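Step one of this worksheet: look at the structure below.
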Amino acid sequence: MTELVQESYPPQKVAILAHRQVSLFELGCATELFCLPRPELSELYSGEIVTFAEENALATGGLALACRQVESLMEYDLLVIPCWSTATQPQDAYLERVSRELAEFAAAGRQILTFCSGAFLPAELGLFDGRQATTHWLYADHFRERFPKVEYVGDVLYVWEGSLACSAGSTAAIDLGIEFLRRNHGYELANSVARRLVMAPHRRGSQAQYVEMPVAKRPDHFSAALDWAIVNLDGAIKIDDLAQRAHLSRRSFDRKFRQSMGIAPKEWLIQQRLRAVQKALESGKESVDRAAQMAGFESSATLRHHFRRAFGISPSEYQRQFQVSTTAAVEA
């Protein structure tokens, strides 16, 4: 399906909004995902950095950015807001224009991704009112105070609300970008991009923003045990077996797992199995029963229970929706 899009249809146009004191890291995440030529993406997306200001945007550190000045966003299919000021800003002609054009873009139902503090801009316009949103945990209290109509979600990597999606911290911006690619083109393409970025293939948005020990100091039996589990998902895996492979007692393993991964071992294992099921269903070649077997679920009923709890729909409905969404992308 991805190859068909690449061969027959023009790339979607992506606008990355630069503005006063734009953060270079979040801006870099956006350009890395949607501007850097890649064999798997170069004909899917065409990205450029845009601004509504007449003068060059000044990034953090005083770096001046020569961007394309635009009058409207409506020629674009996707808007990325790398960051935004967390302080209330006095209205001027520039802010009025940004607000007006963003509101028009959102009203058209086009996709908006915000990274880190970028969620403050659509929140100011009321686009998140009555919906879930997140931002960096440092700004959580301030965000809740300024936008009481928004259902703030803390301790997650990203939140997806239809045509609005927002990431938490800076590195979670890449996780959100990978999730965007997965939703539109499936796990194979998303994982291909993740491999080129030398990052985890896909992290669910519900994962914690930060953990006490996010990175091990050196390769060890613990990481090897997790690698073994991912390769052997089709078998019966007990947490006690993983602890033994990690050369740890069960109690020490559980404690280290929560410190390293931010969740319990059993929940992590279910996430890995669900990821395998999604990949199988997206291929269009496997039935729900076969996907359950391949992912190591005890039965298709057990799969359906966990799948609906995680995603709110049944596996069969997910497969139909994915096929419809990729067909729509082909026809766009």
Which aspartates and glutamates have a Cα lying under 14 Å from the Cα of LYS13, excluding residues fewer than 8 positions away in the same chain? GLU43, GLU48, GLU75, ASP77
Relative to the longest principal axis of the chain, what angle (0 to 90°, nearest 10) does the C-alpha long axis of helix 172-185 take? 80
Gain in length, TRP160 to GLU55, computed as 0.36 nm per residue apart minus the alpha-carbon separation, to one decimal in nm? 34.5 nm
Could you work out how far helix 300-311 tilts from the main Cα principal axis of the chain, as a 0 to 90 degree angle to the nearest 10? 20
Of PRO265, ILE49, PRO122, which is farthest along the charge dipole of the chain in the positive direction, counting Lys and Arg as +1 and Asp and Glu as -1 at C-beta? PRO265
Cut-off under 22 Å on the C-alpha distance; same-chain residues fewer than 8 positions from LYS279 excluded. Which lysines are left, in chain and number order? LYS266
0 to 90° range, to nearest 10: angle between helix 250-261 axis and the chain longest Cα axis: 20
Excluding same-chain residues fewer than 8 positions from LYS256, which aspartates and glutamates have a Cα within less than 13 Å of its Cα? GLU212, ASP220
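Set the Förster radius R0 to 41 Å, insert the Cβ-Cβ distance between GLU151 and HIS247 as r into 1/(1 + (r/R0)^6), and round the FRET efficiency to 0.05. If you can, show how the numbers build up before the last one.
Numbers: r = 43 Å, r/R0 = 1.05.
Given R0 = 41 Å and the Cβ-Cβ separation, E is 0.45.
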Under 5 Å between amide hydrogens, which residues at least 5 positions from GLU161 or on another chain qualify, with H placed 1.01 Å from N in the peptide plane? CYS166
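Read the figures in this text as sums done on the coordinates, not as results from a lab. Since this is a predicted model, take the numbers as computed values, not measurements. Neighbour counts are summed over all protein chains in view; Cβ atoms, including those assigned to glycine, are modelled from backbone coordinates with ideal geometry.
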